[in-house]
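Here's the structure we're looking at; comments come further down.
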Amino acid sequence: QVQLVESGGGLVQTGGSLRLSCAPSRSISSFYHLGWARQAPGKQQEVVASSHTDGTTDYTNSVKDRFTISRDNAKNTVYLQMNNLKPEDTAVYYCFAANVWGDYWGQGTQVTVSS
């Protein structure tokens, strides 16, 4: 079973930055869709950023101009650069990906933003 493994989460003060990374646990077919979702306690999961094969990206309104998604196709790796973090960004962040064989999710990494 292929797993997506996230890293880079942690505790940061308001206004700080973090960079999340996500890569598969073993080599598999190239991903054509990559992204990040998050879930805070008591709230529904939301997709915060996604990246498509044609280079287009999508962001939820609350993170536009602060978060940047990028990818390294040679490594099948996706990144999320998070700047000017706010307490409302506190959540477990999950990466997701899709290739010709199916959809994959990571187990999540905790991001906590203190005031």
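Every read-out reported here was derived from the displayed coordinates using simple, explicitly stated rules and does not represent laboratory data. Predicted, not measured: the structure shown is a model, and the values here were computed from it.
Amide H contacts of G16 (H built 1.01 Å from N, in plane; Pro and chain starts excluded): L85 sit under 5 Å, all sequence-distant by 5 or more or on other chains. From largest to smallest, the equivalent ellipsoid semi-axes obtained for region 54-93 from the alpha-carbon gyration tensor read 21, 12, 8 Å. Stretched out straight at 0.36 nm per residue, the stretch from T112 to K86 would grow longer than its current Cα-Cα span by 8.4 nm.
Projecting the alpha carbon convex hull of the chain along each direction and taking the average yields 6.9 nm². Between I28 and A40, residue separation times 0.36 nm minus the direct Cα-Cα distance comes to 1.3 nm.
Rounded to two decimals, what is Rg over Rh for region 24-78 when you use alpha-carbon atoms and the Kirkwood radius? Reported Rg/Rh, Kirkwood definition of Rh: 1.02.
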